[in-house]
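Working notes, beginning with the structure itself.
Readers should treat all values here as calculations from the given coordinates under stated rules, not as data from a laboratory. None of the values given here were measured: they were computed from a predicted structure. Note: ideal-geometry Cβ built from the backbone for every residue, glycine included; neighbour counts use all protein chains shown.
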């Protein structure tokens, strides 16, 4: 082996050694973190994507040493089926909507909440407590209030505001515009039932159910899209001057398109309450309560409320000047829920029939 080859090999070995050393130094903190992370000091959350900011989870871990692992679902139906199959194993805290809380409670998949371990319980808005899905709130803690209504682009109507009514969605208007409504079958059926009969549970009657089905089939002629996440985009891009939306979603897009309006239909509207529940299979109650007490601090609630546009579940979170829609107790008492009026299988059959036409 000549000298030139030996020198090249030595240089190659030296470069390789330095690359290994540098990589080892860079990866050492991560390796040590994995080596010394105490999994007994961790909890698993199953939540909507836009509900809790990961930055606050990092702050919580620094403060308490408790690691929070986030798992996301895209629909309440997905959440429900997963918890039915697993019995809630693998999750310590879940955030279902009210009608799913109702089903999980009846299936005995939830633990009772120990209110004495929650230092914020007395600060919760009374108007968010004691509803049909959990009278007494023995199993659920309200967090994210969603108010359904109409998103309207006044520019399309020459700067004037049309009379806010579900009629703008369910009846063909002289202007001939397209609309967007929710793609969640239970919600679309309930609102259509309420529009026709003044009762969201009227759909339980076979004759009235047929009328609801025919209304939604006819409406397809002017529905641009069935969506629960893109209605505001269709409004902002002037594809649809009227959409079914949620107050928090419209609030977020109004930051860029301030002329858009959120209106409560004159006939009345619907709400959902996403709540924290503890699966019966979890054995990390103390860690869960510590996390909840952190999450419901006034400043943490205010941070998330003004990031995601929802009305705070506690009364002392300061959202002054945010423009977030917070219904009064009187308004809330007149709003309706998407209850389990008919079985999920029938809901799905109806929706398939509507979409197939």
### Query
Mind checking the angle between helix 298-308 and the chain's longest principal axis? C-alpha axes, 0 to 90 degrees, to the nearest 10.
70
### Message
If I model a spin label at residue 171 and residue 229 as a point 7 Å from the Cα along the Cα→Cβ vector, what separation in nanometres do I get?
### Response
3.4
### Query
What is the gain in length, in nm to one decimal, between residue 156 and residue 89 on full extension, counting 0.36 nm per residue of separation less the C-alpha to C-alpha distance?
19.1 nm
### Message
I need the calculated FRET efficiency for the pair residue 334 and residue 39, taking r as the beta carbon distance and R₀ as 41 Å, to the nearest 0.05.
### Response
0.30
### Diffusion constant of the range 222-322 at 20 °C, which comes from Stokes-Einstein with the Kirkwood Cα-pair radius and 1.002 mPa s, µm²/s
132
## Note on the structure
Per-residue Cβ contact counts at 10 Å, fewest first, order 42, 329 as 329, 42
#### Entry: Tilt relative to the chain, helix 185-197 - C-alpha long axis, 0 to 90 degrees, to 10
20
## Note on the structure
Of 227, 182, 328, the most mobile residue in a GNM of the chain (C-alpha springs, cutoff 10 Å) is 328
### Query
Quick one: what does P(r) look like for the range 171-283 with 5 Å bins over all Cα pairs, in whole %?
2, 10, 18, 20, 19, 13, 8, 5, 3, 1, 0, 0
### Message
At 222 nm, what value in deg cm²/dmol follows for the chain if DSSP H runs of at least 4 each add -39500 (n - 2.57) and the sum is divided by all its residues, to the nearest 500?
### Response
-13000 deg cm²/dmol
### Task
Arrange the following residues from fewest to most other Cβ atoms within 10 Å of their Cβ: 85, 94.
85, 94
### Query
In nm², what is the average projected area of the convex hull enclosing the Cα atoms of the chain?
25.9
### Query
Semi-axes of the range 100-232's equivalent ellipsoid from the Cα gyration tensor, sqrt of 5 times each eigenvalue, largest first, rounded to whole Å?
36, 20, 12
### Task
On a 0 to 90° scale, report how tilted helix 3-36 is relative to the longest principal axis of the chain, with both axes built from alpha carbons and the result rounded to the nearest 10.
50
### Query
Which whole-percent values make up P(r) of the range 271-346 when all C-alpha to C-alpha distances are grouped in 10 Å steps starting at zero?
14, 34, 32, 18, 1
### Query
What is the gain in length, in nm to one decimal, between residue 77 and residue 286 on full extension, counting 0.36 nm per residue of separation less the C-alpha to C-alpha distance?
72.4 nm
